[in-house]
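Visitor: One structure, pasted below without further comment.
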């Protein structure tokens, strides 16, 4: 194929004119001068050809090196060529798909309306961009982000379509993981508090005549002692097996973990056997749990209520479950308590604490961050610090983390609390650096709720930039739901 060449250049036209004149000029010197002009024009044309060769070579190299898949089709939408990244992503070579319609690679997830809009955009604007699901050679489906541009010939007619696509399957997987973290307890795989709230609301909406909901909030007695004696790993295994056994007992119902050692059970029923149902839960969970080499019989404290008798709003029912559980705990371990209206009095302290927590967060004067050092196991050398949130109430003194953190989770304060701790930790790092100290990383515990509430990423970037603190000095650890280490409190 001849290289692209244009006559729209003055030196080339000069050479053409000089060549024509050379044949009629009588004097040799004039002919020689004209031939020199011809040589200059030819040289300019040759340089043009060389530059075009180089441009094409660079374009081909860029196409070969691109990590995005590239596919070029003709005006009839038949595949003409592809780049190596296309083969790497899809598994197809050019020989296998040359001449095929790109729709033959589709995963079949898009309907006719989707493709009608796709072609309408290409015909009217010459461009389309969006997400398409295709299928690799070995059969697995994957999402692509595709950009398609129509190319035109000298007469303005479409000659080719160039499609550039990126495999976004990993990005989609990360999105799914974030959604899972937002709605699923990472340890047990059960619905978390946020998801339980949605599921309860759905059950309430779909109650039919004669149906009701039984709800039980179950707390494992002295779980902290079990954790301390057997270790955190064994404690995690116990929580996981506890959730599995509970879910097996409540077939067709809902079982979730609210955090820590609290589990929620919901069932739809037409029977008025609430107390009997709670007793059956306790009996089923009283069988020993074999953890490592230990056989554990658990004490359980249970608060329960029933809908719609005790309420038809998820927030109200959650509050009444907590009132019942709090009342049961006041009578000692291994007790049950069903909600009754007089228990609402017990929630007064929680409402006071919640209101005071909002004020403390707005003022910032009562909250403090303690820094607990972290050390290597082999030689005891310090490797960093962990930021722990503490609350000094002006009237009640030190409020236990186990009291105010669950309130913050239930009432949407975790994002604000987490951001406050990050601000304090980064400011402290900046202060130590300003004093010329050898600074080690500070680790901040994040609640999973912070990933779905607020704008964590932009807040981190702006705070680190504001204090000019390197990112390597701030560590983030995703915990089950807390901003602190209760063992230190």
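Visitor: State whether the residues of the range 83-103 include one that is within 19 Å of residue 169 (Cα to Cα) and assigned to a loop (DSSP other than H, G, I, E, B).
Guide: Yes, that holds for at least one residue.
Visitor: Residue 331 fails exactly one of the following numbered conditions: (1) without any contact (Cβ under 8 Å) to a residue 12 or more places away in the chain; (2) buried (at least 19 other Cβ atoms within 10 Å of the Cβ). What is the number of that condition?
Guide: Going through (1) without any contact (Cβ under 8 Å) to a residue 12 or more places away in the chain; (2) buried (at least 19 other Cβ atoms within 10 Å of the Cβ) one by one, residue 331 breaks only (2).
Visitor: Out of curiosity, is residue 63 touching a strand residue (DSSP E or B) at 6+ places or on another chain (Cβ under 8 Å), closer than 14 Å to residue 162 by Cα, at pLDDT below 90 and surrounded by 13 or more Cβ atoms within 10 Å (Cβ to Cβ)? Walk me through it before giving the result.
Guide: Numbers: touching a strand residue (DSSP E or B) at 6+ places or on another chain (Cβ under 8 Å): yes; closer than 14 Å to residue 162 by Cα: yes; at pLDDT below 90: yes; surrounded by 13 or more Cβ atoms within 10 Å (Cβ to Cβ): yes.
Spelling it out, residue 63 is indeed touching a strand residue (DSSP E or B) at 6+ places or on another chain (Cβ under 8 Å), closer than 14 Å to residue 162 by Cα, at pLDDT below 90 and surrounded by 13 or more Cβ atoms within 10 Å (Cβ to Cβ).
Visitor: A follow-up question, please. Could you tell me whether residue 399 is surrounded by 15 or more Cβ atoms within 10 Å (Cβ to Cβ), in contact with a strand residue (DSSP E or B) (Cβ under 9 Å, 6 or more places away or on another chain) and farther than 15 Å from residue 445 by Cβ?
Guide: Numbers: surrounded by 15 or more Cβ atoms within 10 Å (Cβ to Cβ): yes; in contact with a strand residue (DSSP E or B) (Cβ under 9 Å, 6 or more places away or on another chain): yes; farther than 15 Å from residue 445 by Cβ: yes.
Yes, satisfied.
Visitor: If you go through the range 379-397 one residue at a time, how many are free of Cβ contacts under 8 Å to residues at least 60 places away in the same chain and under 27 Å from residue 432 (Cα atoms)? If you could, list the steps in order and put the result at the bottom.
Guide: Initially, the range 379-397 is screened for residues free of Cβ contacts under 8 Å to residues at least 60 places away in the same chain, giving 379-383, 385, 387, 391-397.
Next, only the ones that are under 27 Å from residue 432 (Cα atoms) stay: 379-383, 385, 387, 391-392.
Selection size over the range 379-397: 9.
Visitor: Taking the stated definitions as given, is residue 294 without any contact (Cβ under 8 Å) to a residue 12 or more places away in the chain and more than 21 Å from residue 335 (Cα to Cα)? Give the derivation first.
Guide: Details: without any contact (Cβ under 8 Å) to a residue 12 or more places away in the chain: no; more than 21 Å from residue 335 (Cα to Cα): yes.
It is false that residue 294 is without any contact (Cβ under 8 Å) to a residue 12 or more places away in the chain and more than 21 Å from residue 335 (Cα to Cα).
Visitor: Would a scan of the range 166-176 turn up a residue that is surrounded by 14 or more Cβ atoms within 10 Å (Cβ to Cβ), in contact with a helix residue (DSSP H, G or I) (Cβ under 8 Å, 6 or more places away or on another chain) and at negative phi?
Guide: Within the range 166-176, one or more residues are surrounded by 14 or more Cβ atoms within 10 Å (Cβ to Cβ), in contact with a helix residue (DSSP H, G or I) (Cβ under 8 Å, 6 or more places away or on another chain) and at negative phi.
Visitor: Something else now. Within the range 205-212, identify whether any single residue is in a helix (DSSP H, G or I) and either under 31 Å from the mean Cα position of the chain (by Cα) or modelled with pLDDT of 90 or more (or both), and answer yes or no.
Guide: Quick first cut of the range 205-212, residues in a helix (DSSP H, G or I) only: 205.
Narrowing further to those that are either under 31 Å from the mean Cα position of the chain (by Cα) or modelled with pLDDT of 90 or more (or both): 205.
For the range 205-212, residues in a helix (DSSP H, G or I) and either under 31 Å from the mean Cα position of the chain (by Cα) or modelled with pLDDT of 90 or more (or both): present.
Visitor: Please state which of the following conditions residue 439 fails to meet, knowing it meets all the rest: (1) under 30 Å from residue 195 (Cβ atoms); (2) in contact with a helix residue (DSSP H, G or I) (Cβ under 6 Å, 6 or more places away or on another chain); (3) free of Cβ contacts under 8 Å to residues at least 40 places away in the same chain.
Guide: With (1) under 30 Å from residue 195 (Cβ atoms); (2) in contact with a helix residue (DSSP H, G or I) (Cβ under 6 Å, 6 or more places away or on another chain); (3) free of Cβ contacts under 8 Å to residues at least 40 places away in the same chain applied to residue 439, the lone miss is (1).
Visitor: Here's a follow-up. If residue 196 satisfies all but one of (1) outside any strand (DSSP E or B); (2) under 26 Å from residue 76 (Cβ atoms); (3) touching a strand residue (DSSP E or B) at 6+ places or on another chain (Cβ under 8 Å), what's the number of the condition it fails?
Guide: Result: residue 196 fails condition (2) only.
Visitor: Taking strands (runs of 3 or more DSSP E) that fall entirely within the range 290-408, which contain at least 3 residues that are modelled with pLDDT of 90 or more? Even if it seems obvious, please write down each step before you answer.
Guide: Values: elements: 294-296, 300-307, 336-338, 367-375, 382-393.
Hits in the range 290-408: 300-307, 336-338, 367-375, 382-393.
Visitor: Same structure again: Going residue by residue through the range 436-448, is there one that turns out to be closer than 27 Å to residue 323 by Cβ and not assigned by the TED database to the domain that holds residue 257?
Guide: Yes, the range 436-448 contains a residue that is closer than 27 Å to residue 323 by Cβ and not assigned by the TED database to the domain that holds residue 257.
Let's see how each residue does on (1) under 29 Å from residue 254 (Cβ atoms); (2) touching a residue at least 60 places away in the same chain (Cβ under 8 Å); (3) over 38 Å from the mean Cα position of the chain (by Cα); (4) buried (at least 19 other Cβ atoms within 10 Å of the Cβ):
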| residue | (1), (2), (3), (4) |
| --- | --- |
| 270 | yes, yes, yes, no |
| 281 | yes, yes, no, yes |
| 320 | yes, no, no, yes |
| 355 | no, no, no, no |
| 361 | no, no, no, no |
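The values are calculated or read from the model by the stated rules, or taken from the named source; none is laboratory data. Just so you know, these numbers come straight off a predicted model, no measurement behind them. Here Cβ is always computed from backbone atoms with ideal geometry, including for glycine, and neighbour counts include all displayed protein chains.
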